[in-house]
Structure formats: structure tokens, C-alpha cells
1. Open to solvent by less than 20 Å² (accessible area, probe 1.4 Å), over 18 Å from the mean Cα position of the chain (by Cα) and either among the small types (Gly, Ala, Ser) or more than 16 Å from Tyr27 (Cα to Cα) (or both) - does that describe any residue in the range 114-125?
2. If you take the residues of the range 126-164 that are of a type in the set (Val, Ile, Thr) and over 14 Å from the mean Cα position of the chain (by Cα), which of them is nearest to His95 (Cα to Cα)?
3. At pLDDT 95 or above, more than 20 Å from the chain's Cα centre (by Cα) and among the basic types (Lys, Arg), is that true of Arg34?
4. When you scan the range 88-137, how many residues do you find that are of a type in the set (Lys, Arg), more than 30 Å from Arg66 (Cα to Cα) and in a strand (DSSP E or B)?
5. Return yes or no: is Glu147 open to solvent by 50 Å² or more (accessible area, probe 1.4 Å), acidic (Asp, Glu) and over 30 Å from Phe71 (Cβ atoms)?
6. Among the helices (runs of 4 or more DSSP H) lying completely within the range 1-77, list those that include at least 3 residues that are under 30 Å from Thr136 (Cα atoms).
7. Restricting to the range 22-40, and then to whatever is out of contact with any helix residue (DSSP H, G or I) (no Cβ under 9 Å at 6 or more places or on another chain) and within 13 Å of Arg124 (Cβ to Cβ), can you tell me which residue is most open to solvent (accessible area, probe 1.4 Å)?
Amino acid sequence: MKNPNSDPVARNKVPVWNQDVKMYEDYEVGEVDRSIRRTISEGEVMIFSSMLVDLHPYVADDIFARDEGLFGRRIVPGALVFGYGMGLMAHNNIHTFSYGYDRLRFIKPVFIGDTIYTMRTLLRKEPKYDEMGLFTVSYEVFRADDEQIVLYCEHLQTVKYRDPATAKGL
């Protein structure tokens, strides 16, 4: 059987899956996107905590979490929930760059075995630099099992203008 994609020139002309090419002018304040869901496993939690050498009893000690902990069971580290929540919305836009995060809040605990998803809303955008504007999106991470919000933050991103000469007048 012949490989259907044997031509490297032709392969490189195919757009990359899950890559966004929107520019500053393409974004509209109020846009809302929803991610797929994902379930967080015990193995992921333990690998993450071990790599960070953060073995807090609420995360790594089942007996403590069950018998003495506030929630009666182990929780997922907030940093892991943040990473997954943002990763679920990664759009791989070649024209945007992370500028930072504001208002990060861990609102409710996430437990091993919970399923989460993320909602992203474009809150505002403004011209910033000669070649790039700045926009702010909110990320709301929800526990799908009971639809409770578990994390909130705002992500500031720079994004290239299509036409820098006229972008400041947008």
C-alpha cells in the first residue's frame, strides 16, 4: 500500500489541525468558547505532585484526607487544575502570545476522578503596541459532575494586528 501523504511539500501545505490564525481584528468582545471535558485521574495527580515535590497531605495522603481533612477525600492540586483548565482551551494561535494572568482564584475543590471543562469569554480588547493589541479573556473552569465553578482567572494576551497602520483606530 502506498503512503497517501508521501510528498513532503504537499504535507507542509496542509493547515495544522487545531491551529488558529485569527488576528486582532477578528476577535469580538463577548465571544464565548467551551472546551471538551476531561477526567482527572489519581495517577496524574501523583505524578504531578511528585514532580513538584509537593506532597501535601490533602493531595498525597489518603488516610489524612479521609480522617482529618476538611473535604473527607483527596483533592487535586490547584496548579494542576489551572494547567488543565487552560490547556483545554489552548487554541495554538500563531498570532497570540501570553502576557500574563490576573484574578486567579481556586473557588471550590476538585477531587480525584472529577471531570472538568472550561469556558472562555473575551472580556475586552485594546490597541497596545505598534504591531500587537492586547485582549483579556476570562477562564471559568467547571466541575462537570455538579456544574460548580472551581477556578476563575483572566488571561491577558497580545495578538498581532492584520493592519498595524489602521488597528489603533479600531
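1. no
2. Ranking the qualifying residues of the range 126-164, first place goes to Val159.
3. Judged against the criteria, Arg34 is not a match.
4. Adding up the residues that qualify gives 4.
5. Spelling it out, it is not the case that Glu147 is open to solvent by 50 Å² or more (accessible area, probe 1.4 Å), acidic (Asp, Glu) and over 30 Å from Phe71 (Cβ atoms).
6. So the answer is 42-52.
7. Looking at the filtered set, the residue picked out is Glu28.
The values are calculated or read from the model by the stated rules, or taken from the named source; none is laboratory data. In this text, all values refer to a predicted model and were calculated from it rather than measured experimentally. When we count neighbours, we look across all protein chains shown, and the Cβ atoms used for this are built from the backbone with ideal geometry, even at glycine. With ligands, DNA and RNA removed, areas are computed over all heavy atoms of the protein, side chains included. Shrake-Rupley method; radii C 1.70, N 1.55, O 1.52, S 1.80 Å.
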